[in-house]
Structure formats: C-alpha cells, structure tokens
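To start, the structure under review is shown below, and the notes come after it.
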Amino acid sequence: MAVQTTETPAATTVDLGPASGLSCRECGERFPLGPIFACELCFGPLEVAYDLPVGDPEGLKKKIAEGPDNIWRYAPLLPVPADVATKPNLNPGWTKLVKADNLARELGVTGGLFIKDDSGNPTHSFKDRVVAQALEAARAFGFTTLSCSSTGNLAGAVGAAAARAGFRSCVFIPHDLEQGKVVMAAVYGGELVGIEGNYDDVNRFCSELIGDPLGEGWGFVNVNLRPYYGEGSKTLAYEICEQLGWVLPDQLVIPIASGSQLTKIDKGLQELIKLGLVEDKPYKIFGAQAEGCSPVSTAFKNGHDVVRPQKPDTIAKSLAIGNPADGPYVLDIARRTGGAVEDVNDEQVVDAIKLLARTEGIFAETAGGVTVGVTKKLVEAGLIDPSLTTVVLNTGDGLKTLDAVAPTSQATATIKPSLDAFRAAGLAG
Ligand SMILES: *Cc1c(COP(=O)(O)O)cnc(C)c1O
C-alpha cells in the first residue's frame, strides 16, 4: 500500500494577493498562509491578516469602480491572486440592493429600508461568495477535491464551483433537507452524501474525516479552508457601502447560522473605515435566528458570553446550526455596536416571507423570512430606529424552500375555461 503524505507548499510559493498570513483571533499569534484553521498555541480560530492598500482611498475607489461587476472588483482586499478574474469560477456577487419603500411603509420605517438580495447569486444563495474564496485557497494549496459540511446551500455552491473549476467534489448534508437543496447539491455531478443526523453531526463527521487518511488532500471549504472561506462575506459589506454611495448604513440585520457571515461583515465594515473608503460613524449590527435554533439570541437575552448548544427544530434549515462556531464573536459585535440578537418562530418566518413577496416582489428562502421577521419585531420593540438607514439581508432564494409557503400559497380559484365560470368566481374588476 502506498504511503500518503500531506505536503503543504512553502508559504513563499503561495500567492493570495494582499493576504500576509493567518492570525489567531484569541491570542494574536501569526502563522504562514496554509490550510490550517486553529491556533497551535491556544486552539483559537485563525483569520486572514492583510497588507491592505492604505493611503489612497480615491485611487482605490476608482480601481474598484473599474473592476468587474462581481466580487472580484474587491480583489485588492481579498485573499486571492491579482489575476483571479481570469480563472474559471462562478463570479458571484454585485447583487441588487433594493430600496424597499413598500415594505418600509408597512413596517413604519422612514429613514430608508434596503434589502440586499443575495438570491441573485449563481446558485441562488450568499454561499457562492464564500466558496469562491475557498476555491482560490484550494488552488493555491494544491487541493484537487473540494468538500464541505452543509446545511444545504453550501453543498450546491461547492458542487457548482467545483464543476466550473474542474475540481472533484464530495459534499455532506443532513439526510432530511428540503428537496430543492438536495437536487441543487446533486445536479452539478459531484458526490453528495446524506448523513443520518443533524448539521452538527455532519460537521463532527467532517472534522474526523479531515484527520483521517480517507480525507487526505481534501479542501473542506468550511473546515480547513475556513479562514479564507469566511473572507467572502466581507464582500457583502463592501457592496452595501459602495451601492449606498460609499456610506455606512446605520443598522444591518444579518442571519446567523455559524455566525461567520455576521462577524466578517463587521470585519469588512471596519476595513472600509480603516482604508478611508467610508466616513467613520457608528453602526449597529442585529443578528437574526429562528426560535427553533436560537442558541445565540438566547445567550444574548440572558446576558451570557458563552453560547449553549441547542438541538435545532425549525423550518429555517439553512440556519439550523445548534453549536455555532462564531457565536461568542457575534455576541461581542452585537454588544459593541449597540445592536441585538433576536429570533422569530416558524409561523412568523412564513408570514415574513409572504410579507416581503407581497410588498417588494422578492421571494426569499426561510433565512430571508428570519431576517425580515426579526426586523419587524425589532422595529416594534423600538430597538431598530425607524428614522435611520436599515439594510436587511436576504441570503437565499424561496424556490429552494417551497415547502415553507406551499400550504398557504395556492391558486385563488380553479375554474372551467369560460367567462361564466370566471364571473361566478367573483374575481372580476
Ligand atoms: C449559510 C447561510 C447563512 C449564514 O451562515 P453563517 O454560517 O452564519 O455564515 C445565511 N443564510 C443562508 C441562506 C445560508 O445558507
């Protein structure tokens, strides 16, 4: 039997643009760029550190404006090589920021309400942003198989990105996901494995696989490539501010699964301030969860720093992570910015999906129902200031979670093809 070895290329051969290394979020220890995710000293999570192009904000704005209409316009701020846009990938991002005046009227918001609609990405969720970063890291480190543990959307995003870039893929999901998510994960031709358990079981399995020869040479986008993966969420912060005319919004409502997206949006906003691309002013970050999987909002409301794991039971399956890795960091950010973490129940999720569809013509998946529902709740509670600018994230497409609204969204009437029948149905005029 051949003996396999894991050889990580020397740090000097890795070109990930402005990324200068990895640093521990707990103790600050620095490491060279590589497929590692935990600090050797304190086991804290690692994140990408940069040599950012400070000192010429106007020049940088111009360079960004001349870039492509996708996330690669921000390549100077991401862990990717400068020529990233020439490589085969799905080019996600630059999704619509919709001014939601009808919804604003309905909620009593007067200061400007926007939906950042990430259902417009290539596989119809925000996950294309993070996978695009992990793919570049996988290329740089010489991996040929892409993998992940997924609550649904990530599996589809990995399958599609791998297909386009010529990688093998093998992805893992809880066996009982919505059909739309399963089909989207399988259709791109990679291997899809259903695990009998919930997401936290899937994630534990993948952590074991990484440490075993069975998983050798695999790039798990949200495990051993997690530091790079996470950086993709910064592009949401960049796009929102650029689309507002290089201005920070006052309030953002962001869904929480592992909490990675929320923490990296905050990191992106901080970078824009440091680079001088936006004027420094206070902003509040609000986290949104489903009541049936609300470990972070429970900790927030109880004033705890530690997030106690839960067993998820909610229709918002894309957010159903009972033991969120970034939970404590989310609590820090919500408290530091003067925001909050709130949750809504499944009925409120469905109502919010239909409210957004009815007012703005946007069909969100359950995660979007969670953010819109939480926004409504926080406006009513007086925690969101209706006179300030608010950006609400819709991170996925309602076509993937049809079951949530199918029971209450059916034909108004079914009739014979005759005018008499239509008149009898009472729908004219
Ligand atoms: C994965 C996901 C999120 C957020 O995930 P984090 O783990 O918190 O980064 C939000 N919405 C949808 C639809 C998702 O699939």
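Annotations for the structure displayed:
- Among the criteria (1) within 30 Å of Gly398 (Cβ to Cβ); (2) modelled with pLDDT under 95, the one Pro53 does not fulfil is (1).
- Whichever residue in segment 107-133 is in contact with a helix residue (DSSP H, G or I) (Cβ under 6 Å, 6 or more places away or on another chain) and away from the ligand (no atom under 16 Å from the Cβ) and, among such residues, is nearest to Val187 (Cα to Cα): Leu113
- Residues that are away from the ligand (no atom under 16 Å from the Cβ) and of a type in the set (A, V, I, L, M), drawn from segment 247-268: Val247, Leu248
- Among the residues of segment 54-86, those that are assigned to a helix (DSSP H, G or I), out of contact with any helix residue (DSSP H, G or I) (no Cβ under 9 Å at 6 or more places or on another chain) and not β-branched (Val, Ile, Thr) comprise Glu58, Gly59, Lys62.
- Whenever a residue of segment 241-261 is in contact (Cβ under 8 Å) with a residue 40 or more places away in the chain and in the same structural domain as Ala316 (by TED's automatic domain parsing), its partners that are basic (Lys, Arg) and within 13 Å of the ligand (Cβ to nearest atom), lying with C-beta atoms within less than 8 angstrom and at least six residues away or across chains, give the pairs Ser260/Arg226.
- Restricting Leu388, Leu355, Leu399, Leu383 to residues that are assigned to a helix (DSSP H, G or I), away from the ligand (no atom under 16 Å from the Cβ) and in contact (Cβ under 8 Å) with a residue 60 or more places away in the chain narrows the list to Leu355.
- Of residues in segment 87-106 being outside any loop (DSSP other than H, G, I, E, B) and touching a strand residue (DSSP E or B) at 6+ places or on another chain (Cβ under 8 Å), the one nearest to Gly166 (Cα to Cα): Lys96
- Positions within segment 83-133 being more than 29 Å from Leu388 (Cβ to Cβ), of a type outside the set (Gly, Ala, Ser) and free of Cβ contacts under 8 Å to residues at least 24 places away in the same chain, in sequence order: Asp83, Thr86
- For Glu239: the one exception among (1) assigned to a helix (DSSP H, G or I); (2) away from the ligand (no atom under 14 Å from the Cβ); (3) more than 18 Å from Gln133 (Cβ to Cβ): (3)
- Residue that is farthest from the ligand (Cβ to nearest atom) [pool: residues in segment 298-312 that are closer than 22 Å to Phe43 by Cα and in contact with a Gly (Cβ under 8 Å, 6 or more places away or on another chain)]: Pro309
- Subset of segment 313-349 (residues that are more than 19 Å from Arg25 (Cα to Cα), touching a Pro at 6+ places or on another chain (Cβ under 9 Å) and within 16 Å of the ligand (Cβ to nearest atom)): Ala316, Lys317, Ser318, Leu319, Ala320, Ile321, Gly322
- Glu271 farther than 25 Å from Arg73 by Cα, among the charged types (D, E, K, R) and more than 16 Å from the ligand (Cβ to nearest atom): no
- You will find that of Phe363, Phe300, the residue that is closer than 26 Å to Asp201 by Cβ, over 17 Å from the mean Cα position of the chain (by Cα) and aromatic (Phe, Trp, Tyr) is Phe300 and no other.
- Cys170 vs. criteria out of contact with any Pro (no Cβ under 7 Å at 6 or more places or on another chain) and closer than 18 Å to Gln261 by Cα: no
- Annotation: of all residues in segment 358-372 being outside any helix (DSSP H, G or I) and within 15 Å of the ligand (Cβ to nearest atom), the one that is nearest to Ser318 (Cα to Cα) is Glu365.
- No other residue among Lys301, Lys284, Lys317 is farther than 28 Å from Val98 by Cβ, assigned by TED's automatic domain parsing to the domain that holds Ala367 and not hydrophobic (A, V, I, L, M, F, W, C) apart from Lys301.
- Test: Ala425 is of a type in the set (A, V, I, L, M, F, W, C) and more than 16 Å from the ligand (Cβ to nearest atom): yes
- Pick from segment 276-333, criterion out of contact with any helix residue (DSSP H, G or I) (no Cβ under 7 Å at 6 or more places or on another chain), without any contact (Cβ under 8 Å) to a residue 60 or more places away in the chain and among the charged types (D, E, K, R), ranking: surrounded by the most Cβ atoms within 10 Å (Cβ to Cβ): Glu291
- Pair list, Cβ < 9 Å and 6+ apart or interchain, from segment 207-228 residues that are assigned by TED's automatic domain parsing to the domain that holds Ala134 to residues that are of a type in the set (D, E, K, R) and assigned to a loop (DSSP other than H, G, I, E, B): Ile210/Glu216
- Subset of segment 107-133 [in contact with a Pro (Cβ under 7 Å, 6 or more places away or on another chain) and either small (Gly, Ala, Ser) or in a helix (DSSP H, G or I) (or both)]: Gly108, Gly111, Asp128, Arg129, Ala132, Gln133
- Residues satisfying the stated conditions in segment 134-172, i.e. assigned to a strand (DSSP E or B) and either without any contact (Cβ under 8 Å) to a residue 24 or more places away in the chain or within 15 Å of the ligand (Cβ to nearest atom) (or both): Cys148, Ser149, Val171, Phe172
The values are calculated or read from the model by the stated rules, or taken from the named source; none is laboratory data. Fair warning: this is a prediction, and the values are worked out from it, not measured in the lab. Reconstructed Cβ throughout: ideal geometry from the backbone, glycine too, with neighbour counts over all protein chains shown.
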